[in-house]
Amino acid sequence: MVNNSVIELMLKHQSIRKFTQQTIPQALVEQLIQAGQAASSSSFVQVTTVIQVSRPELREKLQTASGNQAYVGSCPLFLVFCADLKRNQQICAARGVDMPTGFTEQALIASIDTAIMAQNVLLAAESAGLGGVYIGGLRNQPELVSETLNLPDQVVALFGMCLGYAAQDPGLKPRLPTKVVLHQEQYQPLAQTELEQYDQLLSAYYTQRTMGKLNTSFSEHIEKTLNKEARPYLLSYLQRQGLMTR
Ligand SMILES: Cc1cc2nc3c(=O)[nH]c(=O)nc-3n(C[C@H](O)[C@H](O)[C@H](O)COP(=O)(O)O)c2cc1C
């Protein structure tokens, strides 16, 4: 076992949804993005664009697009992480090459790289004393996001990120036991006893966090979250943007 400040910081992660008014210096914003860019990139294609959105009227639209999550409008710093295949298409075009597009693999690479970069940004932000939360809710109304941010084809906003100085301490959300997540040699089905223990742990966490109003177990949470259609309009949206057509 090692005990160092990086791992300590990672284990302290909690999503922050309430922020003080304190602004974040632009030099720090740029440093966070640089830390994000230092992440690995599949075949070094660097297919992420981050849009910093400050104008209140644009924030308002993004808040609406995200299912009216208030912190999207009010947080000190809001970043939108985009999978961007356009830039490389432009680079190819300047060399007289018509970059083939629409491959599912390209969309996966761009999504994976963007998520990896974003987590570096969040971790860097947390190391600088900030807190934040991802906003997948932007995918509720992808067309509104595209229009608000003037996204061209080959660019898709995958998620946002609210950042700022924390005005809350919601507490650590217990994760699945490591042995449920880390399998040795071959895939193992979930053991019921492990699940039951974790269900109890998460239920106790919610009871404490909500002062008795909720006692949701992980099984209940999963059933509630996944037993419905998941943004079924996304495939056609992605295809309209020129992604995942083949
Ligand atoms: C890609 C992604 C999208 C998310 N979208 C939202 C969101 O739209 N709104 C929100 O309040 N939290 C969002 N979250 C935060 C998760 O709810 C949170 O990470 C999870 O409940 C675990 O809690 P913790 O981060 O405090 O440990 C998102 C997280 C990820 C990774």
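The values are calculated or read from the model by the stated rules, or taken from the named source; none is laboratory data. No experiment lies behind these values; they were computed from the predicted model shown. Cβ sites come from the backbone with ideal geometry, for glycine too, and all protein chains shown count toward neighbours.
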Inset, instruction - Please enumerate the residues belonging to region 202-219 that are in contact (Cβ under 8 Å) with a residue 24 or more places away in the chain and within 25 Å of the chain's Cα centre (by Cα). - result: Leu202, Tyr205, Arg209, Phe218, Ser219
Legend entry - Flag if Thr114 is touching a strand residue (DSSP E or B) at 6+ places or on another chain (Cβ under 6 Å) and more than 16 Å from the ligand (Cβ to nearest atom): no
Legend entry - Number of the exception - Lys173 against (1) within 15 Å of the chain's Cα centre (by Cα); (2) surrounded by fewer than 18 Cβ atoms within 10 Å (Cβ to Cβ): (1)
Inset, instruction - Residues being surrounded by 14 or more Cβ atoms within 10 Å (Cβ to Cβ) and either over 30 Å from Gln106 (Cβ atoms) or at pLDDT below 95 (or both): count how many of those fall in region 14-54. - result: 7
Legend entry - Among (1) within 17 Å of Gly137 (Cα to Cα); (2) of a type in the set (S, T, N, Q); (3) surrounded by fewer than 20 Cβ atoms within 10 Å (Cβ to Cβ) - the single one Ser66 does not satisfy: (3)
Inset, instruction - Take the residues in region 163-205 that are charged (D, E, K, R) and part of a helix (DSSP H, G or I), then tell me which one is nearest to the ligand (Cβ to nearest atom). - result: Asp199
Inset, instruction - State whether the residues of region 189-208 include one that is among the β-branched types (Val, Ile, Thr), surrounded by 13 or more Cβ atoms within 10 Å (Cβ to Cβ) and closer than 30 Å to Leu138 by Cβ. - result: no
Legend entry - Filter result for the condition that a residue is touching a Leu at 6+ places or on another chain (Cβ under 6 Å) and touching a residue at least 12 places away in the same chain (Cβ under 8 Å), over Pro174, Pro142, Pro170: Pro174
Legend entry - Residue count, region 128-160 (criterion: more than 9 Å from the ligand (Cβ to nearest atom) and either under 18 Å from Phe19 (Cβ atoms) or not in a loop (DSSP other than H, G, I, E, B) (or both)): 16
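In a helix (DSSP H, G or I), over 22 Å from Leu234 (Cα atoms) and without any contact (Cβ under 8 Å) to a residue 40 or more places away in the chain: is that true of Glu57 in this structure?
Considered against the rule, which asks whether it is in a helix (DSSP H, G or I), over 22 Å from Leu234 (Cα atoms) and without any contact (Cβ under 8 Å) to a residue 40 or more places away in the chain, Glu57 comes out as yes.
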Inset, instruction - Collect the residues in region 98-127 that are in contact with a Gly (Cβ under 7 Å, 6 or more places away or on another chain), among the polar types (S, T, N, Q) and assigned to a helix (DSSP H, G or I), keeping them in residue-number order. - result: Asn120
